[in-house]
Amino acid sequence: VVYFHGGGFVNGGSSPAIYSGENFARDGVVFVSINYRLGRYGFFAHPGLAAEGYGGNYGYLDQIAALQWVQANIAAFGGDPKRVTVFGDNAGGQP
């Protein structure tokens, strides 16, 4: 299970105890909770940055990188890269 925290893309994080994944682990589920860039560091759109081709969506790029990492490494933690569930709340649940 991969969890993306909420916070309206401006605050939040995966460090609060509520996101520890302890209850998932008790049931044998591998739980991954990630952080991603927020606010202007994650979503600042500026013409100078758009020349790079990303358009200021660095927070989303962080999420994509996390999912790629999970695919490449989750087996080492007892997970199955073919059976990954992604969920979140608020901004973490946006498509």
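No value in this document is a laboratory result; all are computed from the given coordinates. Just so it is clear, the structure is predicted and the values come from calculations on it, not from any experiment. Quick reminder, even Gly has a Cβ in these numbers, built from the backbone with ideal geometry, and neighbours come from all protein chains shown.
Descriptive notes on the structure:
- Pairwise FRET efficiency - residue 29 versus residue 64, Cβ, R0 = 25 Å, nearest 0.05: 0.65
- Label corresponding to percent of Cα pairs over 18 Å apart when calculated from the structure given, among (i) 54; (ii) 49; (iii) 46: (ii)
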